[in-house]
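Enquirer: Before I ask anything, let me first share the structure, which is written out below as structure tokens.
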Amino acid sequence: MSKIFDSDFLNKLEYLSLISRRVFRGQLMAQRRTMQLGGGIEFADHREYTPGDDFRYLDWNLYARHDELLLKRFQEEEDLHVYILLDCSHSMEFGKPAKFDLARQVAAALSYIALADLDRVAVVAFADRVIQDFPLMRGKARILSLMKFLEDLKPTGSATNLTELVTSFIHRPQRRGLAVVISDLYDPNGFQRGLDILRHHRYEPNVIQLYDPAESEPGFLGDIELQDIESGNIRKLTVTEKNIKEYKQIFENFLESVRNYCSSYGSSCTVSHTQIPFDELLLGMIRQAGTVR
Amino acid sequence: MNFTNPTSWMWAALAIPIVIFYILKIRLRRVPVSTVMFWHQIFEEKQPRSIWQKLRHLLSLLLQLAFLMLLTIALTDPFFDWEIREVRRLVVVVDNSGSMRALVDDEDTRLDEAKDETLAIIDSLRPRDEMAIVAAGTQPRVVCGLTGHQRTLKDALGTIDVTDGPTRIKEAIELTRRLISDHENGKAVIVSDGSFENSEELVQADDIVWLPIGEESDNIAITQFQVRRSLVDPVGYQILVEVRNFADEPAETRLELELAGNVVDVIPLKLEADGRWFQVFEKTSPDGGELLAKLEAEDTLPMDNVARAILPERKKQPVLLVSEGNVFLERVFQACPLVEMAFRNDPPSKVPAGGVVAYHKKIPNPLPDGDLIIVQPENATDLWNIGDTIENPIVAKQDKDSPLMSFVRLDNVLMPEARRLTIKGEHAVLAQSLTDDPIYMSIERPNGRVVVLTVNLDQGDLPLRTAFPIMVSNALSWFARNQGELRESFATGAVAEIDLNDQLPASLLGSESLELELHSPDGRKRPLALRNGTTTIGPLDRCGLWRVAYRDFTVTVPDKEEPPLVMVDEVACNLTNPDESDLRPAIEPPEDAETLAAGLGGRPVWFYLIVLAFCLIGTEWFLYQRRFIS
């Protein structure tokens, strides 16, 4: 049993799955009705009969009353495609516990919930580009292989580049669906463009932003060498109380900008620090989603 | 400049580790962060000024090294030559006598003002100056020896409490001069209101600086107060009172006398400017206790408006007359106001405690223990042999000095008959005839006193003379041993010797377990030593009643740790000191008061060096370290 996916984790997965079913009563992610009409069981409307149609779908009651041959049409049910975009840049290994650990737990949990609802799930690990893929799959039985995939992931690459990732992601031959971005969003070029592209290509972006408390409240003062663990760049600084105050304000503004972006485009957004366990984080998401609906 | 402790220069070596730490410090601490994009936003807006950036660490090092050097120099205790040449030795005499209780305003007394003046002197002390404090009230004492430590001097000054005693200025100045010794810059400073004798003469001394305290204030005071039992009247007593007006204006007041809480007399007084009123009152009362004299005067020194004295109580004296019947003797004893009279025909088995037995004619042989009056003896006893009768004895000689013969003259008394006695032991002849035969005599025995009158009372006119009751009254007073005829009221500052032989139980006299205590009017107590039945108390530094008492260890009281206190004697103490009561200034402010002021705030060089060092380190902290403190 791995460190991040222990037995306790698995128990919590089942619990979260039950909670999500109770909250959404079959409306979470998959089990969504598409506008495509077909072989479902739920009645949609009628159309005129044309030769060659299947007689089984003729509405004989209407024919008896109105002497018209009308064909019953049914709404077809379709499973949802969930794409989890997991940030594997070096900035994610910052903090205690590392943001990357929590991100993988959240990715696994979301995947389990989706698979349990008969949806299809794919995981894309990225940094400045796509690092590794776990292809679309269906069925709860695949969760163990997914967890193995997540467990084997290591932070790699240089700085986060969401635009680069999304650009390559949307050109894949695949159905549209839910795109869950799990990242700290420390993209020097900005996170907005990447999410914009996703939206423009009719993906439904959901953002889970993770940060470490040490990032929101730096615990150092004085003369220091600041080392960027993504780029390795070093900068000599004299950090004063005033600088710390300014930093906190900028960081808070950054978090606020993520929330505002998602709010303005109706995307789901969860911002959390790493001291919150994954199950609480997901419960918060489930409750939030339930309330919104 | 010289250094007291040059070896402290070795502390300068600490500069080496400071420089090492400085070099280590400029190797900055590396802090990994997940991204620097937020820090870029802060620091790209504010580019550091390059010159300051280059010099700031060096300046920090220089400030730290300067801090170390200042501390090191301070440790060497540097001083200037003039400090040694001009070092002073001050001895401040603080007057804490009774007059210093006078109020200068609603709250503060003259002593408070004197302390403030002394504090100013302490604050003006220069480094290496020495100062001592002497208290001059009641009993001069060195409150604080020579020291330059201001805190010690201030603490010692705070312990000086005002006394009710007189100013012992001469003794204090002697003490002061001994402390100054032959110091070149020695100076005595007298902080006083000048209410003492010869103050003007003492002002002239070259080695004394005067700091006068207080302002002129009118005062009326009781300057004498004594009471004593009358020598004539067994229940009478005499009060001596003197009241003086220490003011340049006439004054009116009322003097009230109280005995044990009961008003005895109220006397309205009109006093001239600087006037003096003096009177002796004759009063009667067998009661004793505290006699209080109070002046109705609202002045700045209330202490001398009250005086106390102890009036001894006259106790009833049991007298047993053993006689077959003599009306003269019966009547003469009954006429004495303090006698409890009883009659018997036959001799008692023993004399009642504290009483007197008077035998008429038939005298028991041997005589019983106790005090006895023998009148007209007809038989011999163990003290005398009986002789024949003396016809018409004329008193030719009488002992005028004996208290038994006070106010008694027997030379004209007609006495047809008396009995000739031959006394066996030592005796005092109080009256004797022309033939040298004793007619009236006294005998002191270890087991009691005896008075013998050989005159036949049935004949002659002695019982009809006024001398007869006086003789009996004198005898009874002699038997009563004249206790407490005069219980002197002492002036504050006095040292008194008290005889406790009669007050203490015989079993405790000379006992090592006796713990005698003196209780002052303000509740303090101090142990007393008893020697040959007497003890010495004083100097008495508080007005009021001082009590001598002992702990009775033979009695245990539940729930109390200490055995009960048994009071033995009381002593009254009053200010009664015209010099202390005169609150008008006797001395003028000195012209050389400026000699007490010292320069530079009275701090040594090392103090300023340390202050400067901490200013530097404070600057360094403000510039470099403050930001590290959240």
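For (1) under 27 Å from B:P347 (Cα atoms); (2) surrounded by fewer than 18 Cβ atoms within 10 Å (Cβ to Cβ); (3) of a type in the set (V, I, T), each residue gets a yes or a no:
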residue: B:Q376; (1), (2), (3): yes, no, no
residue: B:N379; (1), (2), (3): yes, yes, no
residue: B:A396; (1), (2), (3): no, yes, no
residue: B:D401; (1), (2), (3): no, yes, no
residue: B:V408; (1), (2), (3): no, no, yes
residue: B:R419; (1), (2), (3): yes, no, no
residue: B:K424; (1), (2), (3): yes, yes, no
residue: B:D436; (1), (2), (3): no, yes, no
residue: B:Y440; (1), (2), (3): yes, no, no
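Enquirer: On the given criteria, is A:K245 loosely packed, with under 15 Cβ neighbours inside 10 Å and either under 30 Å from A:L195 (Cβ atoms) or more than 8 Å from chain B (Cβ to nearest Cβ) (or both)?
Expert: Yes: the conditions hold for A:K245.
Enquirer: Going by the structure shown, is A:D212 of a type in the set (D, E, K, R), within 14 Å of chain B (Cβ to nearest Cβ) and in contact (Cβ under 8 Å) with a residue 40 or more places away in the chain?
Expert: Yes: the conditions hold for A:D212.
Enquirer: Taking the condition of being touching a residue at least 40 places away in the same chain (Cβ under 8 Å) and closer than 22 Å to A:V166 by Cα, how many residues in the stretch A:102-113 meet it?
Expert: Residues in the stretch A:102-113 being touching a residue at least 40 places away in the same chain (Cβ under 8 Å) and closer than 22 Å to A:V166 by Cα: 6 in total.
Enquirer: Could you tell me which of the residues B:A102, B:A136, B:A132 is modelled with pLDDT of 90 or more and under 15 Å from the mean Cα position of the chain (by Cα)?
Expert: On inspection, the qualifying residue turns out to be B:A136.
Enquirer: Report, by residue number, each residue of the stretch B:554-584 that is exposed (fewer than 13 other Cβ atoms within 10 Å of the Cβ) and at negative phi.
Expert: Of everything in the stretch B:554-584, those that are exposed (fewer than 13 other Cβ atoms within 10 Å of the Cβ) and at negative phi turn out to be B:T554, B:V555, B:T556, B:V557, B:P558, B:K560, B:E561, B:E562, B:M567.
Enquirer: Scan the stretch A:123-132 for residues that are buried (at least 21 other Cβ atoms within 10 Å of the Cβ) and either under 15 Å from A:S145 (Cβ atoms) or without any contact (Cβ under 8 Å) to a residue 40 or more places away in the chain (or both) and jot them down.
Expert: Selection gives A:V123, A:A125.
Enquirer: Okay, moving on. Could you look through the stretch B:295-320, keep only residues that are over 29 Å from the mean Cα position of the chain (by Cα) and assigned to a strand (DSSP E or B), and pick out the one that is surrounded by the fewest Cβ atoms within 10 Å (Cβ to Cβ)?
Expert: My answer is B:P318.
Enquirer: On the given criteria, is B:R27 at pLDDT below 75, farther than 14 Å from A:L226 by Cα, within 13 Å of another protein chain (Cβ to nearest Cβ) and surrounded by fewer than 16 Cβ atoms within 10 Å (Cβ to Cβ)?
Expert: Against the criterion (at pLDDT below 75, farther than 14 Å from A:L226 by Cα, within 13 Å of another protein chain (Cβ to nearest Cβ) and surrounded by fewer than 16 Cβ atoms within 10 Å (Cβ to Cβ)), B:R27 does not qualify.
Enquirer: For the stretch B:205-221, which residues satisfy the criterion of being out of contact with any Asp or Glu (no Cβ under 8 Å at 6 or more places or on another chain) and closer than 17 Å to B:S192 by Cβ?
Expert: The answer is B:A205, B:D207, B:I208, B:W210, B:E215, B:E216.
Enquirer: Moving on to the next point. Restricting the stretch A:218-241 to residues that are more than 7 Å from every other protein chain (Cβ to nearest Cβ) and buried (at least 18 other Cβ atoms within 10 Å of the Cβ), which is farthest from B:E44 (Cα to Cα)?
Expert: Per the stated criteria, the residue is A:P218.
Enquirer: Something else about it: Can you name the strands (runs of 3 or more DSSP E) wholly within the stretch B:82-151 that have at least 2 residues being in contact (Cβ under 8 Å) with a residue 60 or more places away in the chain?
Expert: B:89-94
Enquirer: Considering the stretch B:469-513 alone, what residues qualify as being over 22 Å from the mean Cα position of the chain (by Cα), at pLDDT 90 or above and more than 25 Å from B:R445 (Cβ to Cβ)?
Expert: Of everything in the stretch B:469-513, just one residue is over 22 Å from the mean Cα position of the chain (by Cα), at pLDDT 90 or above and more than 25 Å from B:R445 (Cβ to Cβ), namely B:P469.
Residue-by-condition table, conditions (1) in contact (Cβ under 8 Å) with a residue 60 or more places away in the chain; (2) touching a strand residue (DSSP E or B) at 6+ places or on another chain (Cβ under 7 Å):
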residue: A:S145; (1), (2): no, no
residue: A:H171; (1), (2): no, no
residue: A:V180; (1), (2): yes, yes
residue: A:H200; (1), (2): no, no
residue: A:L221; (1), (2): no, yes
residue: A:L226; (1), (2): no, yes
residue: A:T240; (1), (2): no, no
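Enquirer: Give the stretch B:191-222 a look and list any residue that's acidic (D, E) and surrounded by 22 or more Cβ atoms within 10 Å (Cβ to Cβ), or say none.
Expert: Selection gives B:D193 alone.
Enquirer: May I pose another question? Given the residues A:G266, A:G190, which is the only one that is within 23 Å of A:T156 (Cβ to Cβ) and either among the basic types (K, R) or out of contact with any helix residue (DSSP H, G or I) (no Cβ under 6 Å at 6 or more places or on another chain) (or both)?
Expert: Of the residues listed, the single one that is within 23 Å of A:T156 (Cβ to Cβ) and either among the basic types (K, R) or out of contact with any helix residue (DSSP H, G or I) (no Cβ under 6 Å at 6 or more places or on another chain) (or both) is A:G190.
Enquirer: OK, next. Could you list all residues from the stretch A:265-284 that are among the β-branched types (V, I, T), buried (at least 19 other Cβ atoms within 10 Å of the Cβ) and closer than 26 Å to A:Y203 by Cα?
Expert: Hit for the stretch A:265-284 is A:T270, nothing else.
Enquirer: Select from the stretch B:475-517 the residues that are surrounded by 13 or more Cβ atoms within 10 Å (Cβ to Cβ), part of a loop (DSSP other than H, G, I, E, B), free of Cβ contacts under 8 Å to residues at least 60 places away in the same chain and of a type in the set (A, V, I, L, M, F, W, C) and list them in ascending order.
Expert: Within the stretch B:475-517, B:L508, B:L509, B:L514 qualify.
The values are calculated or read from the model by the stated rules, or taken from the named source; none is laboratory data. Not measured: the values here are computed from a predicted model. Note: ideal-geometry Cβ built from the backbone for every residue, glycine included; neighbour counts use all protein chains shown.
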